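Read through the structure below, which is laid out as structure tokens, and then see the notes.
The values are calculated or read from the model by the stated rules, or taken from the named source; none is laboratory data. This structure is a prediction, so every number in the text was calculated from the model and none was measured. Cβ placement follows ideal geometry from the backbone for every residue including glycine, while neighbour counts extend to all protein chains displayed. SASA here: full protein model, heavy atoms, side chains in, ligands and nucleic acids out. Shrake-Rupley method; radii C 1.70, N 1.55, O 1.52, S 1.80 Å.
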Amino acid sequence: MTEAHTVGAAEAGRTADPTTRPRSLAGDAWRDLRRNPIFWVSLILVLVVTAMAIVPGLFTPNDPLDCTLSRQHAGPSGAAVFGYDFQGCDVYARAVYGARASLLVGVLSAALTGVIAVVVGMLAGYFGRWVDAALSRVVDIVLGIPLLLAAIVLLKRIDSDNPTVRIGAVVFVLAILGWTTAARVIRSSVISAKQQDYVAAARMLGAGNGRTMWRHILPNSLAPVIVVLTIALGSFIAAEATLSFLGIGLRAPTVSWGIDIDSGRTHMRESAVPLVVPSTFLALTVLAFIMLGDAIRDAFDPKLR
Amino acid sequence: MFRYIVRRLLQMVLAFFGTTLIVYALMFAGQGDPIQALAGERPVSAAQRAYLTEKFHLDQHGVGGFFYRYADYVTNLLRGDLGESLTGRKIGDILAQAWPVTAKLALIGLLVAIIIGVTCGVVAGIRRGGVFDNATLVLTLLVLGVPTIVLAPLAQYLLGVKLSLFPPTAGADPSLYALLLPGIVLGCLSLATALRLTRTSVAENLRSDYVRTAKAKGLPTRRVVGVHVLRNSLIPVITFLGVELGNLMGGAIITEGVFNIPGVGFNLFRAIRTEDGPLVVGLVSVLVVVYLVSNLVVDVLYAVLDPRIRYE
């Protein structure tokens, strides 16, 4: 639906003011995005979740780790909006505090993915020939490894219950398995960028390989990969929750939606609220990032104009 | 064509050794004393130690020893000998029992994806930009964005426990009816992708020259769409579904775990929970091979089906 919308908006813009100076691609994209309700909805969701991750105290006064068995499955009340779960913890407070771990893992893995992808994609795209051939084979192999299975094997080795170690491990595993798509995107945009005139000009002025790569080509080939990383961020959050759900990702006392969904599922016959609330939070967050990336990509894709 | 198959095959062999090496290195190498780990808390007698050292070639040390034992593991894997789980059952037996269930579930999922996904995709592609098209696009975005760990428990709760339309869990030796709901949950993801693929490729093909020619010849729309467009549009969809079947055969860890279906994924789910290291490695090794082979078959099939696709 965004596609139809984008095309319509672009045409409307063209007929409205044909005489004014031509807009840049980014200007055009921004015009489209401004009129896209999906963009606004997902942006607001992303901002809300980010706020939750940074200052959870704004959203709930309760402590997610304050659990008392006597309140087990107690219904909603003034003190706890969605009542209490099996362990007697505030369901809503846990869902709010769960945003931090999810977002932390998502952002860090996306960042690490970006770094690996930029280095590999840049080297492969810029140098071509055997460097490209070798790196592309590596990409092919990593792409052929099923993510969940490999993550299970890698994470089973980590015995530590230290929250920082576990978050680090999950981030590392997700990034090491998930950088391939972004690297391919970077590679192809580097290949098209290096034939541009400004690169030839920089070379003629005596810029070395390093300078040409990082100062001239990189800034001009980053845009598509940022979109890919936004979408990847959403799927990293989903992957983190899945691993925590299986018991090999994050562990208590870290508050994670995946852990809460698992325990909510076990006791759903007594009360479904502890299952539904973290599920909704997780689904909305993942959707928000995917829709945001989708909307930006549609707006920037000249083929759809 | 031949060159392509050879190249693809070599790539797969490389990927096979790469993945099994990683799996092996992570699971077995670098642990303190493997014999004591196997025995647990019990003391190990000198005779047992000598026997195990010889059996698993532990007397070879260093990098050479590691590759020696890795070669052992790969030969056993290729021979179909997967060893035993911590509970003493042969992993091969566990797999033989679990695979038919997983295959049944995968087929249900795939059927759901084909029947609903392809039909809706064709309709959406023909009426591109219409109400139906927009509605399905939003719906598929929802399905693609909602993780399985949300979808499966919620479906189980709403349709299984609350409305009692389906049995909430399957249990041992499940009937087709008990597998229906998990099959639909499993098929949802493939359904969404299949729908989007079909829609795009139908919409694209409708604008092509041969459709105009067919229309100009006076063929009825039914025939133009049903024969000409469909045949050309389904190539990418078929490839995609092939990959999906391979993925689904690998066992849906979450879906099978949630619905208690005794398939491959469920065994893996349980092995992770009970910390059964050898079982995890055995299952993952086999699943990786299944995954690699199915990807290979599909890639080759793709080149056969669509003559426009030629790789160097």
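Considering only the stretch A:277-296, how many residues are surrounded by 21 or more Cβ atoms within 10 Å (Cβ to Cβ) and either within 10 Å of chain B (Cβ to nearest Cβ) or polar (S, T, N, Q) (or both)?
Qualifying residue count, the stretch A:277-296: 13.
Does A:Tyr92 fit the bill of being touching a His at 6+ places or on another chain (Cβ under 7 Å), among the hydroxyl-bearing types (Ser, Thr, Tyr) and open to solvent by less than 60 Å² (accessible area, probe 1.4 Å)? Break it down stepwise before answering.
Details: touching a His at 6+ places or on another chain (Cβ under 7 Å): no; among the hydroxyl-bearing types (Ser, Thr, Tyr): yes; open to solvent by less than 60 Å² (accessible area, probe 1.4 Å): yes.
It is false that A:Tyr92 is touching a His at 6+ places or on another chain (Cβ under 7 Å), among the hydroxyl-bearing types (Ser, Thr, Tyr) and open to solvent by less than 60 Å² (accessible area, probe 1.4 Å).
Among the candidates A:Asp262, A:Asp298, A:Asp294, which residue alone is modelled with pLDDT of 85 or more and in a helix (DSSP H, G or I)? Quick ask: steps written out before the conclusion?
Values: A:Asp298 fails: modelled with pLDDT of 85 or more; A:Asp294 fails: modelled with pLDDT of 85 or more.
One residue alone meets the criteria, A:Asp262.
Mind checking which residues of the stretch B:96-113 are touching a Gly at 6+ places or on another chain (Cβ under 9 Å) and surrounded by fewer than 21 Cβ atoms within 10 Å (Cβ to Cβ)?
So the first thing to find is which residues in the stretch B:96-113 are touching a Gly at 6+ places or on another chain (Cβ under 9 Å), and the list is B:98-113.
The answer is B:Trp99, B:Pro100, B:Ala103, B:Lys104, B:Leu107, B:Ile108, B:Leu111, B:Val112.
Scan the helices (runs of 4 or more DSSP H) fully inside the stretch A:89-161 and keep the ones with 1 or more residues being of a type in the set (Lys, Arg) and at pLDDT below 80.
Values: elements: A:91-127, A:129-143, A:147-156.
Helices (runs of 4 or more DSSP H) meeting the threshold: A:129-143, A:147-156.
With (1) more than 11 Å from chain B (Cβ to nearest Cβ); (2) buried (at least 21 other Cβ atoms within 10 Å of the Cβ); (3) within 18 Å of A:Asp85 (Cβ to Cβ) as the list, and A:Pro253 as the residue in question, which single condition is left unmet?
(2)
Can you say whether A:Ala202 is open to solvent by less than 20 Å² (accessible area, probe 1.4 Å), under 18 Å from A:Leu250 (Cβ atoms) and in a helix (DSSP H, G or I), as far as the supplied structure shows? Show your work before the answer.
Numbers: open to solvent by less than 20 Å² (accessible area, probe 1.4 Å): yes; under 18 Å from A:Leu250 (Cβ atoms): no; in a helix (DSSP H, G or I): yes.
Criteria not met by A:Ala202.
Within the stretch A:88-110, is there a residue that is on the phi > 0 side of the Ramachandran plot, of a type outside the set (Gly, Ala, Ser) and more than 14 Å from chain B (Cβ to nearest Cβ)?
Quick first cut of the stretch A:88-110, residues on the phi > 0 side of the Ramachandran plot only: A:88.
Right, trim to of a type outside the set (Gly, Ala, Ser) and you get none.
Looking through the stretch A:88-110, none of the residues is on the phi > 0 side of the Ramachandran plot, of a type outside the set (Gly, Ala, Ser) and more than 14 Å from chain B (Cβ to nearest Cβ).
Residues being open to solvent by less than 20 Å² (accessible area, probe 1.4 Å) and in contact with a helix residue (DSSP H, G or I) (Cβ under 6 Å, 6 or more places away or on another chain): count how many of those fall in the stretch B:134-154.
8
Looking at B:Gly257, B:Gly282, B:Gly263, can you tell me which residue is small (Gly, Ala, Ser), within 14 Å of another protein chain (Cβ to nearest Cβ) and either over 19 Å from A:Leu147 (Cβ atoms) or open to solvent by 40 Å² or more (accessible area, probe 1.4 Å) (or both)?
Values: B:Gly257 fails: either over 19 Å from A:Leu147 (Cβ atoms) or open to solvent by 40 Å² or more (accessible area, probe 1.4 Å) (or both); B:Gly263 fails: within 14 Å of another protein chain (Cβ to nearest Cβ).
Selected residue: B:Gly282, the only one of B:Gly257, B:Gly282, B:Gly263 that is small (Gly, Ala, Ser), within 14 Å of another protein chain (Cβ to nearest Cβ) and either over 19 Å from A:Leu147 (Cβ atoms) or open to solvent by 40 Å² or more (accessible area, probe 1.4 Å) (or both).
Do we have B:Val161 as within 13 Å of chain A (Cβ to nearest Cβ), touching a Pro at 6+ places or on another chain (Cβ under 6 Å) and surrounded by fewer than 22 Cβ atoms within 10 Å (Cβ to Cβ) here? Break it down into steps so the answer makes sense when it comes.
Working: within 13 Å of chain A (Cβ to nearest Cβ): yes; touching a Pro at 6+ places or on another chain (Cβ under 6 Å): yes; surrounded by fewer than 22 Cβ atoms within 10 Å (Cβ to Cβ): yes.
The answer is yes for B:Val161.
Would you mind stating whether B:Leu176 is under 20 Å from B:Ile238 (Cα atoms) and surrounded by fewer than 16 Cβ atoms within 10 Å (Cβ to Cβ)?
In short, no.
Which one of these is touching a residue at least 40 places away in the same chain (Cβ under 8 Å) and farther than 12 Å from A:Gly106 by Cβ: A:Thr254, A:Thr230?
Numbers: A:Thr230 fails: farther than 12 Å from A:Gly106 by Cβ.
It is A:Thr254.
Between a first residue in the stretch B:133-146 that is facing another protein chain (nearest Cβ under 7 Å) and free of Cβ contacts under 8 Å to residues at least 40 places away in the same chain and a second residue that is hydroxyl-bearing (Ser, Thr, Tyr) and open to solvent by less than 20 Å² (accessible area, probe 1.4 Å), which pairs have beta carbons less than 9 Å apart while being 6 or more apart in sequence or on different chains?
The qualifying pairs are B:Val146/A:Ser279.
Check off (1) in contact with a strand residue (DSSP E or B) (Cβ under 9 Å, 6 or more places away or on another chain); (2) away from every other protein chain (no Cβ under 14 Å) for B:Gly218 and give me the number that stays unchecked.
Condition not satisfied by B:Gly218: (1).
Could you please let me know if B:Asp209 is open to solvent by 30 Å² or more (accessible area, probe 1.4 Å) and either of a type in the set (Lys, Arg) or more than 30 Å from B:Leu14 (Cβ to Cβ) (or both)?
Working: open to solvent by 30 Å² or more (accessible area, probe 1.4 Å): yes; either of a type in the set (Lys, Arg) or more than 30 Å from B:Leu14 (Cβ to Cβ) (or both): yes.
So B:Asp209 passes the test.
Answer yes or no as to whether A:Gly210 is under 22 Å from B:Leu151 (Cβ atoms) and more than 14 Å from every other protein chain (Cβ to nearest Cβ).
On the way: under 22 Å from B:Leu151 (Cβ atoms): no; more than 14 Å from every other protein chain (Cβ to nearest Cβ): yes.
No.
Kindly provide the set of residues from the stretch A:205-222 that are surrounded by 15 or more Cβ atoms within 10 Å (Cβ to Cβ) and part of a helix (DSSP H, G or I), ordered by number.
A:Thr212, A:Met213, A:His216, A:Ile217, A:Leu218, A:Asn220, A:Ser221 - these are the residues of the stretch A:205-222 that are surrounded by 15 or more Cβ atoms within 10 Å (Cβ to Cβ) and part of a helix (DSSP H, G or I).
Looking at A:Phe236, A:Phe245, which is the one that is under 26 Å from B:Phe266 (Cα atoms), at the interface with another protein chain (Cβ under 8 Å from one of its Cβ atoms) and open to solvent by less than 30 Å² (accessible area, probe 1.4 Å)? Please lay out each step first, then the result.
Numbers: A:Phe236 fails: at the interface with another protein chain (Cβ under 8 Å from one of its Cβ atoms).
So the residue among A:Phe236, A:Phe245 that is under 26 Å from B:Phe266 (Cα atoms), at the interface with another protein chain (Cβ under 8 Å from one of its Cβ atoms) and open to solvent by less than 30 Å² (accessible area, probe 1.4 Å) is A:Phe245.
For B:Leu26, indicate whether it is within 11 Å of chain A (Cβ to nearest Cβ) and either modelled with pLDDT under 65 or open to solvent by 60 Å² or more (accessible area, probe 1.4 Å) (or both).
Details: within 11 Å of chain A (Cβ to nearest Cβ): yes; either modelled with pLDDT under 65 or open to solvent by 60 Å² or more (accessible area, probe 1.4 Å) (or both): no.
Against the criterion (within 11 Å of chain A (Cβ to nearest Cβ) and either modelled with pLDDT under 65 or open to solvent by 60 Å² or more (accessible area, probe 1.4 Å) (or both)), B:Leu26 does not qualify.
Mind listing whichever residues of the stretch A:38-83 are assigned to a helix (DSSP H, G or I), surrounded by fewer than 16 Cβ atoms within 10 Å (Cβ to Cβ) and modelled with pLDDT under 85?
A:Gly57, A:Leu58, A:Leu69, A:Ser70
Out of all the residues in the stretch A:161-184, is one or more acidic (Asp, Glu), without any contact (Cβ under 8 Å) to a residue 60 or more places away in the chain and open to solvent by 50 Å² or more (accessible area, probe 1.4 Å)?
From the stretch A:161-184, those acidic (Asp, Glu) are A:161; that's our starting set.
Okay, now just the ones that are also without any contact (Cβ under 8 Å) to a residue 60 or more places away in the chain, so none.
No: zero hits.
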